[in-house]
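Worksheet for the structure shown next.
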Amino acid sequence: MKKWLKSIFSKKETFDGKILVLGDSHSRAFTNNHNFIPFFLGAGKQHNLLTVENKDRVFNKCKNTLEDIDVENVLLVFSEPDCRYMLGRGWTPWEGNEVVNKVDIEKQIRISTSNYLNLYNGLKSSFPNKKIFILNATPCYRDDQNEITTRFNNEMGNRFSSYPDVFISINEIITEEDGKPRKEFYSDPVHLNHQLQIPVEDYFRSLGIIEKSGFSKELIWDNDAMRKKFKYNKKFDCYTYAE
């Protein structure tokens, strides 16, 4: 098992007013913004909610990061890989239609959403004073995956119905009538681009957590204190663990 970099500071670094974005590669959509600190925990193949083992991996990395970075607000960005995997065509379904891993979709949705709820509850138990939010699974240009994504998000909404404001559902805002992402949000067959920040910022503004948009193409989150603890990925302008 890989050993992750431990804190070398006696005190945690404080980033007042920032929202720490913890996620798979989708966290990179939150770069170049004064309101967000994007943190890439690892690839979606290993950082998902498909199994308890994967959920525990995500929990441990989230917990380790939150022990080192002092923020009040946290946004979790996972679960698109779960929906993609449920297609049964591996991790690159845009390359072909051959079924390589047949999945009971309804069962897997129940498992993944239950794991997400347990991830949230575990983090809240460890960090009761932090506000933790979850972004819905985002859409793509594959109709069959979008159908799964809608079912997944509906189940997430049900599971978090008694948790006010936690689950952020924005897909109706960023999609066309056919469920595909509007072209201004599209980045590649898996990811959305920086425009995703706009409805998310609108949501946080409605809660009074931020005051205005923080996007800036010139902003580089190359922070000295963060660099001493974590690996800075210049290509994606986000942080990750040093190995």
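The values are calculated or read from the model by the stated rules, or taken from the named source; none is laboratory data. These numbers come from a predicted model, not from an experiment. Note that each Cβ is placed from the backbone with ideal geometry, even for glycine, and that neighbours are counted across all protein chains shown. Just so you know, the surface numbers come from the protein's heavy atoms only, side chains and all, with ligands and any DNA or RNA stripped out. Shrake-Rupley method; radii C 1.70, N 1.55, O 1.52, S 1.80 Å.
Which of the following residues is open to solvent by 10 Å² or more (accessible area, probe 1.4 Å) and on the phi > 0 side of the Ramachandran plot: 90, 122? Give the derivation first.
Numbers: 122 fails: on the phi > 0 side of the Ramachandran plot.
Among 90, 122, only 90 is open to solvent by 10 Å² or more (accessible area, probe 1.4 Å) and on the phi > 0 side of the Ramachandran plot.
Across segment 155-195, what is the total count of residues that are loosely packed, with under 14 Cβ neighbours inside 10 Å, farther than 15 Å from residue 26 by Cβ and among the charged types (D, E, K, R)?
Final tally of qualifying residues: 8.
Picking from 64, 97, 60, 35, which residue would you name as being surrounded by fewer than 23 Cβ atoms within 10 Å (Cβ to Cβ), of a type outside the set (Ser, Thr, Tyr) and touching a strand residue (DSSP E or B) at 6+ places or on another chain (Cβ under 8 Å)? Before the answer, list the steps.
Working: 64 fails: touching a strand residue (DSSP E or B) at 6+ places or on another chain (Cβ under 8 Å); 97 fails: touching a strand residue (DSSP E or B) at 6+ places or on another chain (Cβ under 8 Å); 60 fails: touching a strand residue (DSSP E or B) at 6+ places or on another chain (Cβ under 8 Å).
None of the others qualify; the one that does is 35.
Would you please name the residue that is surrounded by the most Cβ atoms within 10 Å (Cβ to Cβ), looking only at residues in segment 68-84 that are part of a helix (DSSP H, G or I) and in contact with a Ser or Thr (Cβ under 7 Å, 6 or more places away or on another chain)?
To start, the set of residues in segment 68-84 that are part of a helix (DSSP H, G or I) comprises 68, 80-84.
Next cut, in contact with a Ser or Thr (Cβ under 7 Å, 6 or more places away or on another chain) only: 68, 80, 82-83.
Details: 68: 17, 80: 26, 82: 24, 83: 28.
My answer is 83.
For segment 87-115, give me each residue that is over 19 Å from residue 171 (Cα atoms), of a type in the set (A, V, I, L, M, F, W, C) and touching a residue at least 24 places away in the same chain (Cβ under 8 Å).
87, 91, 94, 105, 111 - these are the residues of segment 87-115 that are over 19 Å from residue 171 (Cα atoms), of a type in the set (A, V, I, L, M, F, W, C) and touching a residue at least 24 places away in the same chain (Cβ under 8 Å).
For segment 125-150, name all the residues that are open to solvent by less than 30 Å² (accessible area, probe 1.4 Å) and either in contact (Cβ under 8 Å) with a residue 60 or more places away in the chain or over 14 Å from the mean Cα position of the chain (by Cα) (or both).
Within segment 125-150, the subset open to solvent by less than 30 Å² (accessible area, probe 1.4 Å) is 127, 130, 132-140, 142, 145-146, 148-149.
Residues satisfying the conditions are 127, 130, 133, 135, 138, 140, 142, 145, 146, 148, 149.
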